[in-house]
Amino acid sequence: MKKIEIKNTAIVYNDILELPSDDKMLMEKAIEARKNAYAPYSKFNVGAALLLENNKIILGNNQENAAYPSGMCAERVAIWNAGSHYPGVKIKKLAITASSTISKVDKPVGPCGACRQTLSEFEINQKQPFEVLFMGEVGEVIKTESLLSLLPFSFDSAYL
Ligand code: THU
């Protein structure tokens, strides 16, 4: 047997104001998208903004449903929006933000497991990592250099 080390780095910014200007601009788009979330059940509003290599910005937000599992996360709404309008166009960055009408979200909110899985297929297919930035409503912003750094030992089509 052997023990292996999984190494990873992320940058933690104190707040949105500390971000480089292109990242700040994308996060502001995610905030705009978050404001249109349809989350009457969880009251937890999530916004996502993708920057594509053709410089288009694609937005998404969570869309809930009275039949709870029929709802969808912001990140998958955004990535499938990009995939349906710009198939094959590479993703450069993803920004995510979450807020709640119940309490102040002051910690970075990373993408859920199902979103990581879905997003990973896009990163693998484009053979190029994309940065992922995430925050709550206020406070720290985390930036990772790739999606796969958030999903070690991931499952992909190579196993099929
Ligand atoms: N949600 C997202 O939009 N993205 C995530 O990565 C985590 C959760 C949404 C789903 C649901 O509408 C609400 O947040 C509460 O789980």
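Key figures for this structure:
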quantity: Derived scalar couplings ³J(HN,Hα) [region 124-138; Karplus, 6.51 cos²θ - 1.76 cosθ + 1.60; whole Hz; x for Gly, Pro]; calculated: 5, 4, 7, 6, 7, x, 10, 6, 10, 10, 9, 8, x, 8, 9
quantity: Set of aspartates and glutamates with alpha-carbon distance to Lys93 below 14 Å, sequence-local pairs under 8 removed; calculated: Asp22, Asp23, Glu28, Glu53, Glu75, Glu123, Glu131, Glu145
quantity: FRET efficiency, 1/(1 + (r/R0)^6) with R0 25 Å, evaluated for Lys56 and Ala158 via beta carbons; calculated: 0.30
quantity: Probe 1.4 Å, accessible area per residue of the chain, Å²; calculated: 57
quantity: The chain: antiparallel DSSP beta bridges as a percent of all, rounded to 5; calculated: 80
quantity: Amide H contacts of Gly71 (H built 1.01 Å from N, under 5 Å, at least 5 apart or other chain); calculated: Asn65
quantity: Inter-part distance where region 112-155 and region 43-76 are each reduced to a Cα centre, Å; calculated: 14
quantity: For the chain, radius of gyration divided by Kirkwood radius, i.e. Rg to Rh on alpha-carbons; calculated: 0.97
quantity: Chain lengthening between Val138 and Ala10 when straightened (0.36 nm per residue, less Cα-Cα); calculated: 44.2 nm
quantity: 14 Å beta-carbon shell around Thr97, net charge (K/R +1, D/E -1); calculated: 0
quantity: Förster-model FRET efficiency, 30 Å R0, Tyr68 and Lys104, C-beta, rounded to 0.05; calculated: 0.80
quantity: Stretch gain in nm, segment Asp22-Lys43, where the contour uses 0.36 nm per residue and the Cα spacing is subtracted; calculated: 4.6 nm
quantity: Fraction of accessible area attributable to carbon and sulfur, region 11-152 (%, probe 1.4 Å); calculated: 54
quantity: Long pairs among Lys24/Lys104; Lys56/Lys92; Lys24/Lys92; Lys43/Lys92; Lys2/Lys127, criterion Cα-Cα beyond 18 Å; calculated: Lys24/Lys104; Lys43/Lys92; Lys2/Lys127
quantity: Within the chain, helix-based [θ] at 222 nm, where runs of 4 or more DSSP H residues each add -39,500 (n - 2.57), nearest 500; calculated: -8000 deg cm²/dmol
quantity: Exposure rank, largest accessible area first [Met135, Met25, Met1; 1.4 Å]; calculated: Met1, Met25, Met135
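The values are calculated or read from the model by the stated rules, or taken from the named source; none is laboratory data. What you see is a predicted model, and the numbers here were worked out from it, not measured in a lab. Positions of Cβ are generated from backbone atoms using ideal geometry, with glycine treated the same way; all protein chains shown enter the neighbour counts. Quick note on the areas: whole protein, heavy atoms, side chains included, nothing else; ligands and nucleic acids left out. Shrake-Rupley method; radii C 1.70, N 1.55, O 1.52, S 1.80 Å.
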